[in-house]
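Data block below; observations after.
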Amino acid sequence: MIQKKQHPDPLKRRYHESFIVTRAHTPILEKRHTALLCIDMQYLDAAEGHGVFHDAASSGVPAEAQAYYFRTLRDSVIPNMRRLQETFRQHQLEVIHTRIQALTKDGRDRSAGHKRLNLLASPGSKESEFLEAVAPQDDEIVINKTASGVFSSTNLHYVLNNIDIEALFVVGVYTNECVETTVRDACDLGYLVTIVDDCCTTVTPELQNASLATLRDRYARIVNVDQAIAEINRVVIDDESPADEAATNKR
């Protein structure tokens, strides 16, 4: 039997050098032009007994897939995302949140895709609320959307340009849907993207691994939460307050 020769991806090295190992990650982070983007951590799609999972039997997601999804949310994604959010906040870096929420109560403004899926989180509804553990704090930016990709359906790109953001750490759900679409769009728009893999999940490990394999070293670099926090703590030097600076000078 003649085996077909496995041809390497001819663009792999170029993409890897341009987006993954590029030295630009460090100065962008040093200048505080990096933000954390938290995707769809809300009752509509990330809470048992609510939203698309209000009736587990009719959700269309098999019981074992639901068990995997909510276990990874509980044991990994939510606690790790909370740690990462706290790190960004400690260093006065932007934490930005997206959620699925219509402009109208009846959802007539939703995308055609969300209408076909019968996916609706109306303003003020429980489905539109963020999970308390990873909810926005203080004056953090919230972007509402009714499509998988936040860039194609909102003014997020305009907002990021206004606050001088050039790189994104991306976390949230589902990895193979809203996260993956957002990462691809962000890369195409020129952002340097980092996915924190243990801060993302979806309904099966196969879908999780397939999405990460597609995005890895092509559209985003992929790290875990410990690596992300270590990099931020190493690179970002917080400005001293006048009192701190005076104390340092006295010493």
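Read-outs throughout are calculated quantities, based only on the coordinates presented, and are distinct from any laboratory measurement. Keep in mind that this is a model prediction, so the values were computed, not measured. Here Cβ is always computed from backbone atoms with ideal geometry, including for glycine, and neighbour counts include all displayed protein chains.
Points worth noting:
- Compared with the rule-of-thumb size 2.2 N^0.38 Å for a compact globular protein, the chain has a Cα radius of gyration ratio of 1.09.
- Here each label is just a point 7 Å from Cα along the line to Cβ, and for Asp226 and Asn118 those points are 4.5 nm apart.
- Point-to-point label distance, Glu132-Gln92, nm (Cα→Cβ direction, 7 Å offset): 3.1 nm
- CD proxy at 222 nm, helix term only [per DSSP H run n ≥ 4: -39500 (n - 2.57); per residue of the chain; nearest 500]: -10000 deg cm²/dmol
- Charges were assigned to the Cβ only: +1 to each Lys and Arg, -1 to each Asp and Glu. The resulting dipole of the chain about its Cα centre is roughly 880 debye.
- Highest-MSF residue in the chain out of Leu189, Leu93, Leu37 [GNM, Cα springs under 10 Å]: Leu189
- Karplus-derived HN-Hα couplings along the range 48-62 (A = 6.51, B = -1.76, C = 1.60, θ = phi - 60°), whole Hz, x at Gly and Pro: 5, x, 10, x, 5, 10, 5, 10, 4, 5, 9, 6, x, 9, x
- Inter-centroid distance (Cα atoms) of the range 4-71 relative to the range 212-235, Å: 11 Å
- In this structure, Ala57 and Lys31 have a Cβ-Cβ separation that, at R0 = 41 Å, corresponds to a calculated FRET efficiency of about 0.20.
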